[in-house]
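Trainee: Handing you this structure, nothing more for now.
Please treat every number below as a calculation from the coordinates, not as lab data. Note that the structure is a prediction, hence the values are computed from the model and not measured. FYI the Cβ positions are ideal-geometry reconstructions off the backbone, even for glycines, and counts take in every protein chain you see.
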Amino acid sequence: MVIVQVLMIASTVALAFLGLRGSGSHRVSASKKLAFLLLMFITVVAVLDPLLVGRIAQAVGVGRGTDLVLYVLALSFGFYVVSQYLAEQRSRNVLHRLARRIALVEAAERYGLEGTRPRTEDEAPRAT
């Protein structure tokens, strides 16, 4: 085994461990964790047998193994970007609702409307 292969496998295992044991990993769905583990496993297999990647590329109609790796990397990056964007949107929506609620509570306190309180989303009337 070449020193580069040892370093790549060690880095992949460390990345998998850090990715699954990180402080925020409890918020990640099981399907995303499994997909991440599958990608790490495929990485180790590709490092151990680079010719296998070339054979798989030829089998699926891609000319070279490096092209296949590039395509998979591009798809993985696209998935990551979309996932992060959607998570940021959810966080922003939660923050906006919280800011509105705080503003309503502070306005009620400032103007002496102690008997009123802001409605939660569950209590809000729904348009039909």
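Trainee: What do you get for trypsin sites (Lys or Arg not before Pro) in the stretch 25-67 restricted to DSSP loop and a cutoff of at most 16 other Cβ within 10 Å of the site's Cβ?
Mentor: When the trypsin sites (Lys or Arg not before Pro) of the stretch 25-67 are filtered for loop state and at most 16 Cβ neighbours within 10 Å, Arg64 remain.
Trainee: Can you give the charge dipole size of the stretch 66-117 about its Cα centre, rounded to the nearest 20 debye, using +1 on the beta carbon of Lys and Arg and -1 on the beta carbon of Asp and Glu?
Mentor: Roughly 260 debye, rounded to the nearest 20.
Trainee: I've got another one for you. Could you put Thr43, Thr66 in order, starting from the residue whose Cβ has the fewest other Cβ atoms within 10 Å?
Mentor: Neighbour counts put them in this order, fewest first: Thr66, Thr43.
Trainee: Filter the chymotrypsin sites (Phe, Trp or Tyr not before Pro) in the stretch 7-115 to those in DSSP coil with at most 15 other Cβ atoms within 10 Å of their Cβ, and list the result.
Mentor: Tyr111
Trainee: Further question on the same structure: Summarise the long-distance tail of P(r) for the stretch 7-64 by giving the % of C-alpha pairs beyond 16 Å.
Mentor: Taking all Cα-Cα pairs of the stretch 7-64, the fraction more than 16 Å apart is 53 percent.
Trainee: What residues have an amide H closer than 5 Å to that of Val62, excluding those fewer than 5 places away on the same chain, when H is modeled at 1.01 Å from N in the peptide plane?
Mentor: none
Trainee: What are the equivalent ellipsoid semi-axes of the stretch 66-117, built from the alpha-carbon gyration tensor (square roots of five times its eigenvalues), in whole angstrom, biggest first?
Mentor: 48, 6, 4
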